[in-house]
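Some notes on the structure that comes next.
The values are calculated or read from the model by the stated rules, or taken from the named source; none is laboratory data. What you are looking at is a predicted structure, and each value in this text was computed from that prediction instead of being measured. Ideal geometry is used to build each Cβ from the backbone, glycine not excepted, and the neighbour counts take in all protein chains shown.
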Amino acid sequence: MARRSTKTPPPEDFEEKILDIDVVDEMQGSFLEYAYSVIYSRALPDARDGMKPVHRRIVYQMNEMGLRPDRGYVKCARVVGEVMGKLHPHGDASIYDALVRMAQPFSMRLPLVDGHGNFGSLGNDDPPAAMRYTECRMADATSLMTESIDEDTVDFTANYDGQEQEPVALPAAYPNLLVNGASGIAVGMATNMPPHNLGEVIAAARHLIRHPHADLEALMRFVPGPDLPTGGRIVGLSGIKDAYENGRGSFKIRATVAVENVTARRKGLVVTELPFTVGPEKVIAKIKDLVGSKKLQGIADVKDLTDRAHGLRLVIEIKNGFHPEAVLEQLYKLTPMEESFGINNVALVDGQPLTLGLKELLEVYLDHRFEVVRRRSEFRRTKRRDRLHLVEGLLVALIDIDEVIRLIRDSENSAQAKARLMERFSLSETQTQYILDTPLRRLTKFDRLELESERDRLMGEIDELTGILESDNELRKLVSAELAAVAKKFGTERRTVLLESAGTAVAAVPLEVADDPCRVLLSSTGLLARTANGEPLPQDEGGSRAKHDLIVSQVAATARADVGVVTSAGRLLRLSVIDLPQLPDTHAAPNLAGGAPVSEFLSGLEPDEKVVCLTSLDESSQGLALGTEQGVVKRVVPDYPANKEELEVITLKDGDRIVGAVELRTGEEDLVFITDDAQLLRYPAGQVRPQGRPAGGMAGIKLSQNAKVIHFSAVDPGRDAVVFTVAGSHGTLDDSMLSGKLTPFDQYPRKGRATGGVRCQRFLKGEDLLVLAWAGGAPARAAAANGAPAELPATDPRRDGSGAPLPAAVATLAGPAL
């Protein structure tokens, strides 16, 4: 069976015509049409309202849907569907992307959409949720863009299928293009305009209204530069002036960064504002990449602590030994923490893309606004004239209402009544129809008074509107006043800081901290710090540290060296000096503050293990002198291997512990033991031979039964020194029951090693032991347990005299460094 053809044969009178078209001409024509469509219908904003077609259609359709700020939210999908179905047939993705941007406070200086839900994050690190989840309505300021749009203020045109009408431009009660900026890529051209501060732009516009011939310099007094939604710092203003003059220029945006102590051990760079369109995830990823490739040094960690309560907070921890300022300069050079913004002020003016400067942008907007206000005033005057015409006719009828009623009653029909009223009272057809449509209940004496009042009000408004329409000066005053009201209601403080230059160059500052001399300090409350120089810190300045904390041990070092920490368990732990917080220069700032707890640096301490003293690790020194609770003394040979973080400096007996340790400077010092039964033993350090680190020491003092050592130190016999003791009893808790005695050190004679020593305080009734003892250089300084200063009693020259009541509780004493 033959297959039947489905092809329709051409008609008999069909004449085949083939057009021979050059492909080059066809491509040129088609491409020009496409380019014009992209330029005019998609990519470039209109200089009048600052909107691309998609943005204008979204705002207009939301206004038509009644999604005003005082109404409830609706799903974004509903808005997108309305816009796509009626006005914008280019797909839902492009519409929703535009709507999302208008709701992002970090993208627009004055957001046009009030969003509810996830509308993305800075830098698009967290993309927005789908439009079926998010909700929206018009923002407070958006109503100003469509205000009086129903009063014939702008032209309308047919939509894509001719079934709907859409505005060619919005009335725009403020300069939206300058305030919110714009970006877009067309064919052969692009636009990139930064946001500005609303108050500054309106101030410049009002100045231009008053002085139409104002130059750029005068306008830049009001608009010195862009004001970005994300803040930051604009460095260099020459490019901004170029852009304001001819429409093209560039500037650099830097993140806002502060150097803070992010931990007790480290400084850090705290970023609170990033360049426009840059998100924290992008910065973090770039930093980690640079650190991993060894192109960036000095960074220990990067944390994103951003939250809703505090906003953006990116913490970049700096390794100890690096200058934060120098690291920051590297971050500016290598990461998006400094970005360039190229200004290209291309916008549509009368359908043509033009590159505009600041004055031209303001002039185009003001011309549009003058036209909007003029058309609005004309519309309102026409409406009021029409209403006045009706009111005057009704008042004529009310004057002789009986005659009006008689004429209407005697008429055969409404047409005859209408004609007779027009003839009798000289009324227009409109007035007559209005009278016939007015119910009798409106024809009272009270309504007549209301109508007369309305007539007077309408006449006054018509005169006012006529004055605006007939006087260019009045029109300008009105536009200026309306702009001032907008600035007062929606104006905010400037967020972006403008800098002529980057400030003082830090190129001369080395990246790493120099290995300069310093001094490491240990306070009575367990704080560690280092000074800015290597000179000893006197107690009169040291006593003014935080809470007047006393310095109980200090050792000379360099910034990149290590020092030793001796503990009560007989261990020497290595401590990196560069990790310690640095105090200000002691000579420039005597009121010192700072330091960090020992636990921040030595995490391996046992619960009952305490830091006894600091020591240098210099093997050319005289080594350490140690005294234990059971009366053992030891001089340690200074042998500290550099590859070990922990060393044992004495082998302690069971139950014994170190009560005091000191680094000997000359080896000529006197070693001092004080026991809780008030015995003091003093003998030269030369009587103790140095021993290796594993040795257990030798007998230092002979203890009576149940007695123990409560203090051990070394005193330079060539300097003034004192001994302070506090007597009490077992279980004494009340400070008022304690007695103290301060005696010159030279009152105590030298004795031999391992002897019992001499009595240093006579016990009063109820006293049976010393609860505190100390021997060291004068003048001595005392502190309470919290580091606050404590007063010492007057000096008592008696070696074995009894004590006197203490003025205040004393927990710790310290004297000048050896």
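Here are some notes:
- Meets criteria (acidic (Asp, Glu) and under 39 Å from the mean Cα position of the chain (by Cα)) for Glu378: no
- Residue that is nearest to Ala218 (Cα to Cα), among those in the range 242-275 that are surrounded by fewer than 21 Cβ atoms within 10 Å (Cβ to Cβ) and among the aliphatic types (A, V, I, L, M): Ala258
- Glu378 vs. criteria within 22 Å of Met145 (Cα to Cα), touching a residue at least 24 places away in the same chain (Cβ under 8 Å), acidic (Asp, Glu) and in contact with a helix residue (DSSP H, G or I) (Cβ under 9 Å, 6 or more places away or on another chain): yes
- Restricting the range 392-401 to residues that are surrounded by fewer than 19 Cβ atoms within 10 Å (Cβ to Cβ) and in contact (Cβ under 8 Å) with a residue 40 or more places away in the chain, the residue that is nearest to the chain's Cα centre (by Cα): Glu392
- Positions within the range 226-275 being charged (D, E, K, R) and either in a strand (DSSP E or B) or in the same structural domain as Arg109 (by TED's automatic domain parsing) (or both), in sequence order: Arg233, Arg248, Lys252, Arg254, Glu260, Lys267, Glu273
- Cβ pairs under 6 Å, 6+ apart, first in the range 185-210 and in a helix (DSSP H, G or I), second surrounded by fewer than 21 Cβ atoms within 10 Å (Cβ to Cβ) and among the polar types (S, T, N, Q): Arg206/Ser480; Ile209/Ser480
- Scanning the range 600-621 for residues that are more than 18 Å from Arg519 (Cβ to Cβ) and touching a residue at least 60 places away in the same chain (Cβ under 8 Å) turns up just one, Glu600.
- Just so you know, in the range 337-356 the residues that are surrounded by fewer than 19 Cβ atoms within 10 Å (Cβ to Cβ) and not in a strand (DSSP E or B) include one that is modelled with the highest pLDDT, and it is Asp350.
- Check on Arg78, under 25 Å from Asn344 (Cα atoms), over 33 Å from the mean Cα position of the chain (by Cα) and charged (D, E, K, R): no
- Looking at Gly686, Gly697, just one residue is surrounded by fewer than 19 Cβ atoms within 10 Å (Cβ to Cβ) and modelled with pLDDT of 90 or more, and that residue is Gly686.
For every residue, the table says whether it meets (1) modelled with pLDDT of 95 or more; (2) of a type outside the set (A, V, I, L, M).
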residue	(1), (2)
Pro11	no, yes
Tyr36	no, yes
Leu44	no, no
His88	no, yes
Ala93	no, no
Tyr96	yes, yes
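- Scanning the range 293-336 for residues that are of a type in the set (A, V, I, L, M, F, W, C) and part of a loop (DSSP other than H, G, I, E, B) yields a count of 4.
- Residue within the range 100-123 that is surrounded by fewer than 23 Cβ atoms within 10 Å (Cβ to Cβ), among the charged types (D, E, K, R) and part of a helix (DSSP H, G or I) present: yes
- Test: residue in the range 726-739 that is under 25 Å from Arg657 (Cβ atoms), out of contact with any Cys (no Cβ under 6 Å at 6 or more places or on another chain), among the hydroxyl-bearing types (Ser, Thr, Tyr) and surrounded by fewer than 19 Cβ atoms within 10 Å (Cβ to Cβ): yes
- All positions within the range 63-83 that are in a loop (DSSP other than H, G, I, E, B) and either touching a Ser or Thr at 6+ places or on another chain (Cβ under 7 Å) or loosely packed, with under 15 Cβ neighbours inside 10 Å (or both): Gly66, Arg68, Pro69, Asp70, Arg71, Gly72, Tyr73
- First in the range 118-135 and more than 18 Å from Val80 (Cα to Cα), second anywhere and among the β-branched types (Val, Ile, Thr) and assigned to a loop (DSSP other than H, G, I, E, B), Cβ under 9 Å, 6 or more apart: Ser121/Thr306; Leu122/Thr230; Leu122/Thr277; Leu122/Val278; Leu122/Thr306; Gly123/Thr277; Gly123/Val278; Asn124/Thr277
- Residues that are assigned to a helix (DSSP H, G or I), among the hydroxyl-bearing types (Ser, Thr, Tyr) and either assigned by TED's automatic domain parsing to the domain that holds Glu147 or closer than 16 Å to Asp227 by Cβ (or both) within the range 468-498 are absent altogether.
- The range 797-811, residues that are over 21 Å from Arg750 (Cβ atoms) and either touching a residue at least 40 places away in the same chain (Cβ under 8 Å) or part of a strand (DSSP E or B) (or both): Ser802, Gly803, Ala804, Pro805, Leu806, Ala808, Ala809, Val810, Ala811
- Scanning the range 788-802 for residues that are surrounded by 14 or more Cβ atoms within 10 Å (Cβ to Cβ) and either touching a Leu at 6+ places or on another chain (Cβ under 7 Å) or among the acidic types (Asp, Glu) (or both) yields Leu792, Pro793, Asp796, Asp800, Ser802.
- Given (1) within 30 Å of His211 (Cβ to Cβ); (2) part of a helix (DSSP H, G or I), index of the condition Met422 fails: (1)
- Any hit, the range 721-728, residues being outside any strand (DSSP E or B) and at negative phi: no
- The residues of the range 211-221 that are outside any helix (DSSP H, G or I) and over 29 Å from the mean Cα position of the chain (by Cα), listed by number, are His211, Pro212, His213, Ala214, Asp215.
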